[in-house]
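Q: Got a structure for you, questions after.
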Amino acid sequence: TTRSPHFMGLDSASTMSNLVTESDSGSNVVIGVLDTGIWPERPSFHDQGMGPIPSFWKGECTVGENFTKANCNKKIIGARYFTSGYLAKMGSMNSSTDIKSARDTEGHGTHTASTAAGRAVGDASFLGFAKGVAVGIAPKARIAAYKVCWKRGCMDSDILAGFDKAVEDGVNIISISIGGSAVPYNLDPIAIGSFGAMEKGVFISASAGNEGPRSMSVTNVAPWITTVGASTIDRKFPADLVLGNGKRITGSSIYRGDDPLHDINNFQHLPLIYGGNASVGLRNGARHSSSFSSATCMPDSLDKERVRGKIVVCDRGGTPRVSKGEIVKDAGGVGVVVANIFPMGEGLVADAHLIPGLGVTESAGNLIRDYINSNANPTATMTFSETQVGVKPAPVVASFSSRGPSAESIFVLKPDVIAPGVNILAAWPDGVAPTELSSDQRRTQFNIASGTSMSCPHVSGLAALLKGAHPYWSPAMIRSALMTTAYTQDQQGNPLLDETSYNISTTMDMGAGHVDPEKAVDPGLVYDITADDYLNFLCASNYSGRDIKQITKRSGKCRGKHDHKPWNLNYPAISVAIYTTQLQEPAIVQVTRTVTHVGETPSTYTVSVTNPKGVNVTVTPSSMNFREKGEKQSYVVRIKAEKKAVTSLNSVIEVGKLSWSNGKQHVVSPLVVVW
Amino acid sequence: TLGEKQSYIIRVQNDLKPSVFSDVEHWYSSTLSSLIRYNPLKSTDQDEEFLHVYKTVFHGFSAKLTAQEAQQLATFDGVLSVLPDRLRQLH
């Protein structure tokens with residue numbers, strides 16, 4: 001990736017980052033990427049200067065179609081593929097789009113693998129956009145590709161096989177940018193596979209999902225998974241739509257063409273039409289395009305007579321954004337504007353449209369439609385700019401990033417953290433168009449993509465660096481370091497914003513906040529969690545013995561009338577529920593946490609608390625003195641609700657924080673109260 | 001429809017493996033065979049094949065079954081769960 005390592009503080013110009021140095025860029029760590037495979041010839045995957053493959057590695061490079069053992073090296077040390085579940089579902093594979101090997105014919109797996117652990121490649125760009133040195137977060141970490149996804153998706157049975165083999169092979173980190181709907185942990189093969197992996201010390205980084213900004217949309221929420229939401233970096237790809245009335249609307253695009261529209265010197269206004277006003281009429285006496293399908297520029301929905309020679313405004317939804325330009329082009333249109341609709345808000349992603357095209361926000365879309373509706377002859381033109389860096393504010397929570405709280409347990413904060421996931425440049429295979437459209441004949445070494453799929457491998461790479469620097473840290477300790485050092489204010493000291501509305505983002509949007517690699521390498525204290533702790537959590541969450549056996553391979557017996565509470569899972573965030581409808585007297589919830597000192601020298605930490613609204617929080621003890629590395633101490637948090645009248649039947653979430661500091665380090669936990 | 005097969009993921013409690021089987025895979029195989037052999041709608045020998053056998057993070061296997069077979073399998077000793085195999089998407 002270009003820019004995001006710099007944005008995360010990993011390429012400090014004067015001195016190499018502590019984390020990168022201490023971990024030797026993750027050289028002894030293996031990241032298993034469960035995805036669409038890999039394109040091994042990309043320079044991001046060269047192995048020059050890399051040391052021998054770690055001795056613990058038991059994986060292999062499986063030979064398949066257009067993929068030999070020679071495609072692996074000291075960088076790509078494993079490559080396997082899993083077809084059985086997919087073939088059972090689909091009946092057969094389309095040999096023109098899917099090939100039976102770990103070779104990536106989709107692009108997604110190459111993009112995520114290079115984001116996590118690509119080597120440095122100079123003068124990288126996508127059609128000149130996002131130019132720079134492209135490098136993964138852990139450039140010396142080893143990659144093992146497990147191809148579990150194919151043209152039409154990824155089957156649970158193949159994903160589970162990928163987990164099984166990856167852990168057997170000896171991966172240290174699993175990166176999985178795949179999801180479905182949230183279901184109980186015992187019915188979710190990703191949660192089940194992750195538990196088995198976590199038990200063997202493997203850190204699981206998973207994408208939170210792209211169903212934001214809808215509340216409770218977060219997926220991959222098992223507490224043993226690190227769930228990653230997406231945010232912007234300080235880079236934009238601006239493009240303007242200039243209306244006939246002179247109003248200039250800035251959107252986003254990575255369109256690059258030789259069309260006159262692209263050349264600002266040939267600036268010319270063209271007729272502008274809204275897709276919803278250009279639906280095909282009765283055709284052959286049978287077909288009629290609904291206003292929804294034409295508004296979203298679905299295939300065959302636009303009337304060629306009305307669209308020809310015009311710029312067409314299409315609402316988002318229904319089809320991929322880039323395909324709307326293709327539909328407009330096929331109908332004779334010359335430009336496309338893809339407008340957000342509710343609830344997407346003000347979030348923008350840059351697309352490599354095939355015709356002059358750009359994306360605009362929801363408010364801009366409303367303004368454009370108003371202009372069209374109030375003018376007899378609406379016109380517009382477009383101008384395209386170069387890449388902008390140093391953009392403020394940044395980071396901003398991506399509008400599409402899925403939001404908490406977790407539908408499975410309100411006592412586990414999800415997502416855990418956010419990381420760069422908007423307009424990320426990373427490696428791309430041969431033979432796959434950057435838009436993935438069959439009509440797109442362009443081929444590029446890099447592509448720019450957006451999604452929590454892109455933020456997840458940033459955290460996978462970061463986890464590899466932390467594992468390299470601290471080989472004996474457990475998966476929970478790595479996550480703790482990421483969460484307790486995450487930031488919730490930008491460099492100007494302003495709260496991180498939500499791209500949907502540019503209001504202040506909440507803990508449900510960003511979890512503990514944006515990852516901060518340099519702080520995570522030296523967090524001071526961590527919250528460790530063992531497999532037994534997770535069993536206690538499942539017992540306390542009313543999972544039956546059978547449910548637990550389905551997840552954990554263990555006996556699943558919850559000891560007698562256990563006294564575990566789900567909020568006592570030693571998570572780096574605290575989340576409790578207070579039900580005021582039953583509140584006669586002020587309610588008190590008591591929470592216990594245990595911290596492990598991971599600093600090199602003795603240290604004394606004192607606590608400070610920011611109370612969530614309507615509660616009073618006390619912590620005992622308020623100070624902890626650690627003499628040696630590895631020492632554990634516990635504290636108790638008493639959360640006392642103020643007696644108050646219930647004003648709403650809807651739940652209300654109030655957030656505060658609890659911070660332990662020794663003057664140098666601040667170990668911060670979000671403190672969430674659900675009323 | 002009746003007899004239509006889809007793939008399932010079967011979680012097995014390996015410590016319940018009868019001693020007559022030398023390893024769990026034989027046990028799984030025997031279980032699957034006995035289930036499918038008596039199904040009058042069985043069409044091919046391929047029906048008795050596993051999609052995957054899981055050994056590391058998960059104990060069990062995946063296979064194509066009819067809904068009736070899946071229900072029946074869920075009642076077998078040692079079978080902890082029978083989950084329909086679902087399609088997921090990249091994020």
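Q: Are any residues in region A:160-185 more than 7 Å from chain B (Cβ to nearest Cβ) and not small (Gly, Ala, Ser), and if so, which ones?
A: A:LYS165, A:ASP169, A:VAL171, A:ASN172, A:ILE173, A:ILE174, A:ILE176, A:VAL183, A:PRO184, A:TYR185
Q: Okay, next question. Can you list the helices (runs of 4 or more DSSP H) lying wholly within region A:83-183 that have 2 or more residues being under 25 Å from A:GLY9 (Cβ atoms) and of a type outside the set (A, V, I, L, M)?
A: By residue number, A:108-117.
Q: Quick one: A:SER101 ticks every box in (1) more than 9 Å from every other protein chain (Cβ to nearest Cβ); (2) free of Cβ contacts under 8 Å to residues at least 40 places away in the same chain except a single one, so which number is it?
A: A:SER101 satisfies all of (1) more than 9 Å from every other protein chain (Cβ to nearest Cβ); (2) free of Cβ contacts under 8 Å to residues at least 40 places away in the same chain except (2).
Q: Here is a follow-up. Just checking, does region A:55-63 include any residue being within 14 Å of chain B (Cβ to nearest Cβ) and not hydroxyl-bearing (Ser, Thr, Tyr)?
A: yes
Q: Restricting attention to region A:654-675, report how many residues are closer than 21 Å to A:HIS597 by Cβ and in a strand (DSSP E or B).
A: 9
Q: Give A:ALA138, A:ALA79, A:ALA70 a once-over and let me know the one that is surrounded by fewer than 17 Cβ atoms within 10 Å (Cβ to Cβ), hydrophobic (A, V, I, L, M, F, W, C), more than 14 Å from chain B (Cβ to nearest Cβ) and farther than 30 Å from A:PHE384 by Cα.
A: Numbers: A:ALA138 fails: surrounded by fewer than 17 Cβ atoms within 10 Å (Cβ to Cβ); A:ALA79 fails: surrounded by fewer than 17 Cβ atoms within 10 Å (Cβ to Cβ).
Among A:ALA138, A:ALA79, A:ALA70, only A:ALA70 is surrounded by fewer than 17 Cβ atoms within 10 Å (Cβ to Cβ), hydrophobic (A, V, I, L, M, F, W, C), more than 14 Å from chain B (Cβ to nearest Cβ) and farther than 30 Å from A:PHE384 by Cα.
Q: If A:GLY64 passes every condition in (1) surrounded by fewer than 24 Cβ atoms within 10 Å (Cβ to Cβ); (2) closer than 21 Å to A:LEU466 by Cα but one, which one does it miss?
A: (2)
Q: Ok, one more. Would a scan of region A:213-236 turn up a residue that is aromatic (Phe, Trp, Tyr), away from chain B (no Cβ under 14 Å) and farther than 22 Å from B:VAL82 by Cα?
A: No, there is no match, as no residue in region A:213-236 is aromatic (Phe, Trp, Tyr), away from chain B (no Cβ under 14 Å) and farther than 22 Å from B:VAL82 by Cα.
Yes/no per residue for (1) touching a residue at least 24 places away in the same chain (Cβ under 8 Å); (2) β-branched (Val, Ile, Thr); (3) touching a Leu at 6+ places or on another chain (Cβ under 9 Å); (4) under 11 Å from A:ILE31 (Cα atoms):
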{"residue": "A:ALA113", "(1), (2), (3), (4)": "yes, no, no, yes"}
{"residue": "A:ALA124", "(1), (2), (3), (4)": "yes, no, yes, no"}
{"residue": "A:ALA145", "(1), (2), (3), (4)": "yes, no, yes, yes"}
{"residue": "A:CYS149", "(1), (2), (3), (4)": "yes, no, yes, no"}
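Q: Name the pairs: first residue in region A:380-394 and in contact (Cβ under 8 Å) with a residue 60 or more places away in the chain and under 30 Å from A:LYS310 (Cβ atoms), second residue β-branched (Val, Ile, Thr) and surrounded by 14 or more Cβ atoms within 10 Å (Cβ to Cβ), Cβ to Cβ under 6 Å, at least 6 apart or on different chains?
A: From region A:380-394, the pairs are A:ALA380/A:ILE311; A:THR381/A:VAL242.
Q: Would you confirm, using the coordinates I've provided, whether B:SER43 is modelled with pLDDT of 85 or more and surrounded by fewer than 18 Cβ atoms within 10 Å (Cβ to Cβ)?
A: In short, no.
Q: Please go through region B:59-91 and give me each residue that is in a loop (DSSP other than H, G, I, E, B) and of a type outside the set (Val, Ile, Thr), ordered by number.
A: Those that are in a loop (DSSP other than H, G, I, E, B) and of a type outside the set (Val, Ile, Thr): B:HIS59, B:ALA74, B:PHE76, B:ASP77, B:GLY78, B:ASP85, B:ARG86, B:HIS91.
The values are calculated or read from the model by the stated rules, or taken from the named source; none is laboratory data. None of the values given here were measured: they were computed from a predicted structure. Neighbour counts are summed over all protein chains in view; Cβ atoms, including those assigned to glycine, are modelled from backbone coordinates with ideal geometry.
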